[in-house]
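The values are calculated or read from the model by the stated rules, or taken from the named source; none is laboratory data. Bear in mind that the values here come from a model prediction, so they are computed numbers and not experimental data. Neighbour counts run over all protein chains shown; Cβ positions are idealised from the backbone, glycine included. Only protein heavy atoms, including side chains, enter the accessible area calculation; ligands, DNA and RNA are left aside. Shrake-Rupley method; radii C 1.70, N 1.55, O 1.52, S 1.80 Å.
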Amino acid sequence: MNNFSYTKTKEVADAALLLKDNPGNKAIAGGTNIVDLMKYFIVEADTLVDINGIPGMDELSETENGGVRLGALMTNAATAYHPVIEEKYPLLSKTILAGASAQIRNMATNGGNLLQKTRCYYFYDPYVPCNKREPGSGCPAIKGYNRMHAILGHSSDCIAVFPSDMCVALAALNATVLVTGQDGERQIAFEDFHRLPGNTPEIDNNLQKGEIITGIELPDEDFSKNYSYLKLRDRSSYAFALVSVATALTIENDLIAEVRIALGGVSHKPWRSAEAEEYLKGKAPSKEHFAQAADIILAEAKGFKHNRFKIDLAKKAIVRNGMMALEPESQRPGAKPSL
Ligand code: SF4
């Protein structure tokens, strides 16, 4: 860890100025990722700008159009257990509780969840090349051990995946990211927030220099009856997804009226397919139709030596999770889904 200064701000504008003036300055909120990155010498900071003192950013409020605004400084735990989220957006609650540990969720913030770095093993090893850590140095994961890596949207420069569970639900729920910088506030549709690696894998998202996430808005949509999150991983707790699927449905007259399917663990950003969702609308929620949608979603998938199994795993997970969304009660601990 390098020597660094520390300052605490109480105004978004002050924090934005400090971050824009010196690219070496870094924001800290919960600190559950950046402190690790600093310990591993992956990130160095001139000044850590503590934004925890900015008032009003750790609350949930209802928006004028009937949706919900989550403060960027709300913890993941406070969000998951908030009665409004549990009742109206249970998919979000479920994904948050599938991630990390209780201790980390008590510290980690909503804004920080969006900004966490990939868990690619090579990225965390400063003694090997990595295009994301050191642009132009190479990507040892492509020919190396790539069990956890991407099968969709990767490039010849980077095959890393984005590790968040929470963001898989935010993608499915059509969230909007609220950011503030020197030029004022702006909104970013969730699907436009994270980036695919292309030839600039060192850029994870479309946040501009000096911009701070202030909140996340969820639209007024009701997916509280038919939803499910399935996270498949190498061990049953405190592990990142090999493949995860968030499914949200509305059913009218026994047919799918609205559908969202977002995948985690397969790409540099949560993955959705408009074509697959369009295919499912108006159809019966059956294994056959979910299987067809899975084929559409994975049509362009390409695996590597150690992760080709994820293509078939993702297809099966989409089908299973689609059926689980028909009976979300089956996901309670101890309950057995009747699939
Ligand atoms: Fe680095 Fe991306 Fe390659 Fe991992 S996959 S080694 S993060 S360039």
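Here are a few things to note about the model shown:
- Residue within region 102-117 that is open to solvent by 10 Å² or more (accessible area, probe 1.4 Å), outside any helix (DSSP H, G or I), at pLDDT 95 or above and near the ligand (Cβ under 9 Å from one of its atoms) present: yes
- Across region 172-187, not a single residue is classified as open to solvent by 20 Å² or more (accessible area, probe 1.4 Å) and within 16 Å of the ligand (Cβ to nearest atom).
- When residues in region 241-292 are screened for being open to solvent by 10 Å² or more (accessible area, probe 1.4 Å) and of a type in the set (Val, Ile, Thr), 2 of them pass.
- Selection status of LEU170, closer than 29 Å to PRO90 by Cα and either in the same structural domain as LYS302 (by TED's automatic domain parsing) or part of a loop (DSSP other than H, G, I, E, B) (or both): no
- Boolean, SER236 is within 30 Å of PRO285 (Cβ to Cβ) and outside the structural domain of LYS88 (by TED's automatic domain parsing): yes
- The lone exception for ASP46 - which of (1) surrounded by fewer than 18 Cβ atoms within 10 Å (Cβ to Cβ); (2) within 16 Å of the ligand (Cβ to nearest atom) it fails: (2)
- Among the residues of region 293-313, the one identified as aromatic (Phe, Trp, Tyr) and either open to solvent by 70 Å² or more (accessible area, probe 1.4 Å) or not in a loop (DSSP other than H, G, I, E, B) (or both) is PHE309.
- Tally of residues being surrounded by 14 or more Cβ atoms within 10 Å (Cβ to Cβ) and either touching a strand residue (DSSP E or B) at 6+ places or on another chain (Cβ under 9 Å) or polar (S, T, N, Q) (or both) across region 188-205: 9
- In region 118-160, the residues that are more than 10 Å from the ligand (Cβ to nearest atom) and either among the aliphatic types (A, V, I, L, M) or open to solvent by less than 40 Å² (accessible area, probe 1.4 Å) (or both): ILE151, LEU152, GLY153
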